[in-house]
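One structure is given here, and the rest of the page talks about it.
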Amino acid sequence: MENSVLSKGISLYAQKKFSDALAFFLSLPDDSGADNFELAYYIGLCYARLEKYDDALMYIEQVVTGGKDYQRVLQCRYLLAIIYVKSGRKRLADFELNKLLETGYKSADVLASLAFISWENRDIDKCLEYYERSLEKDSDNVTALNGMGYVLAEEGRDLTRALGYCKKALDNAPQNAACLDSLGWVYYKLGLLEEAGKYLKRAEEKLPDNKEIQKHLDSLEEARTRH
């Protein structure tokens, strides 16, 4: 019953019409027949996509604490961790991710997320170790490939390896703005400014308001003026 009740909202969500989907889910009456945990799940997803993280947490936590579907609970626990990462609650994120690691759930993604937290905490060796472990689990994991390449380049540790990781990440996700930005940044670090500009501009086209991409483009322009 609940699937047919929720189907219009699920379809809107699948079309990336997150505001419309959220409005639909929130407008359902109490006697609609929808399963409360299923409804909370989709409302939480919509809020997360709209980057309204505090609202998302309220609904996702309902699924984690009361949901009966074990895989759905694990998925929501992972989403909780990602929201904690994005909203700067790194200690909570670290706790949730390590709990997930114990279950074996999406190990490559969980390890890549732990790598990101380590990067944010400026623990570079631990960050690289987590990315290595992620790639051991899944050698094509885009997040780990891109993260590894970016960190190696940013730290000036091994630009040749960084280039290889970032190229592979972009091969696996050719429209991904983060991968375009990282590859452009590696080329910048290598002094190949024309190649850097090509990828950084493509990244900007996809995410025009992204501060990190803009910072990289500013660095590129400064380097061009010096040349």
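The values are calculated or read from the model by the stated rules, or taken from the named source; none is laboratory data. Treat the numbers as computed from the prediction; the structure is a model and nothing was measured. Virtual Cβ from ideal backbone geometry, glycine too; neighbours counted across all protein chains shown. Just the protein is used for accessible areas: all its heavy atoms, side chains included, with ligands, DNA and RNA removed. Shrake-Rupley method; radii C 1.70, N 1.55, O 1.52, S 1.80 Å.
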Note to self: Run the numbers for residue 226 and residue 17: contour at 0.36 nm per residue of separation, minus the present Cα-Cα distance, in nm.
What the structure shows: 70.8 nm
Margin query: Once R0 is set to 22 Å, what does the formula 1/(1 + (r/R0)^6) return for the Cβ-Cβ distance between residue 4 and residue 30, expressed as a FRET efficiency to the nearest 0.05?
Written below: 0.80
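Ignoring ligands, DNA and RNA, what accessible area per residue does the stretch 20-163 give at 1.4 Å, in Å²?
Computed with neighbouring chains in place, this is 50 Å² per residue.
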Checklist line | Tensor-based shape of the stretch 89-227 (alpha-carbon gyration tensor, a/c under 1.5 rounded, otherwise prolate or oblate) | finding: prolate
Notebook entry, point to check: With each run of n ≥ 4 DSSP H residues scored as -39500 (n - 2.57), what mean residue ellipticity at 222 nm is computed for the chain after dividing by its residue count and rounding to the nearest 500 deg cm²/dmol?
Noted result: -25500 deg cm²/dmol
Notebook entry, point to check: Hey, any idea what % of the chain's accessible area is carbon plus sulfur with a 1.4 Å probe?
Noted result: 46
Notebook entry, point to check: residue 154 to residue 72: FRET efficiency via 1/(1 + (r/R0)^6), r the Cβ-Cβ distance, R0 25 Å, to the nearest 0.05?
Noted result: 0.10
Note to self: As I understand it, the value is the acute angle between the Cα axis of helix 2-14 and the longest principal axis of the Cα atoms of the chain; what does it come to in degrees, rounded to 10?
What the structure shows: 20
Check: By average Cβ neighbour count within 10 Å, what is the ranking of 66-79, 213-226 from highest down?
Finding: 66-79, 213-226
